[in-house]
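Report on the following structure.
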Amino acid sequence: MRHPQAHLQMGIRAPKGIIFHGPPGVGKTHLTLAIANEMDAHFEFINGPEIISTACGETEAVLRGIFEHAADHAPSIIFIDELDIVAPRRGESGTQADTRMVAQLLLISA
């Protein structure tokens with residue numbers, strides 16, 4: 001994000017996201033906040049379980065709104081905490097709401 005010309009010179013696309021994986025308490029959130037601060041980027045924090053709604057389509061609308069707000073305040077970093085609890089692996093059984101949310105995340109982050 002800080003040096004987009006470097007990616008262009010190498011002929012590669014800049015990454016759109018990073019996944020930090022690890023047990024609770026190792027500093028994933030603090031690392032993300034430090035990166036946002038260093039880059040002077042807008043920071044959006046999403047606590048995964050809190051965005052889930054029982055109303056059909058509401059979770060997807062909330063996600064779209066968060067990503068639109070982040071785009072309006074670019075450069076932005078969106079941190080989704082506890083994503084593994086909210087979105088099961090694709091192809092595994094889950095509720096229809098889980099499947100729709102994973103599809104929405106893939107669509108808006110592409």
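None of the figures in this text is laboratory data; all of them are computed from the coordinates on show. Computed from a predicted model, the values in this text were never measured in an experiment. Neighbour counts are summed over all protein chains in view; Cβ atoms, including those assigned to glycine, are modelled from backbone coordinates with ideal geometry.
Descriptive notes on the structure:
- Two-site label geometry, residue 85 and residue 52: point separation in nm, points 7 Å out along Cα→Cβ: 0.9
- Around residue 62: net Lys/Arg minus Asp/Glu count, Cβ-Cβ under 13 Å: -3
- Look at where the Cα atoms of segment 34-63 and of segment 12-33 average out, and the two centres are 14 Å apart.
- Per DSSP, loop trypsin sites (Lys or Arg not before Pro) in segment 7-67 with at most 16 further Cβ within 10 Å: 13, 16
- Each of the GluC sites (Glu not before Pro) that DSSP puts in a loop and that has at most 16 other Cβ atoms within 10 Å breaks the chain; the longest unbroken stretch is 1-81.
- Distance histogram in 10 Å bins (all Cα pairs of the chain, percent per bin): 12, 40, 35, 12, 1
- Theoretical gain in end-to-end length, residue 40 to residue 71 [0.36 nm per residue, Cα-Cα removed]: 9.7 nm
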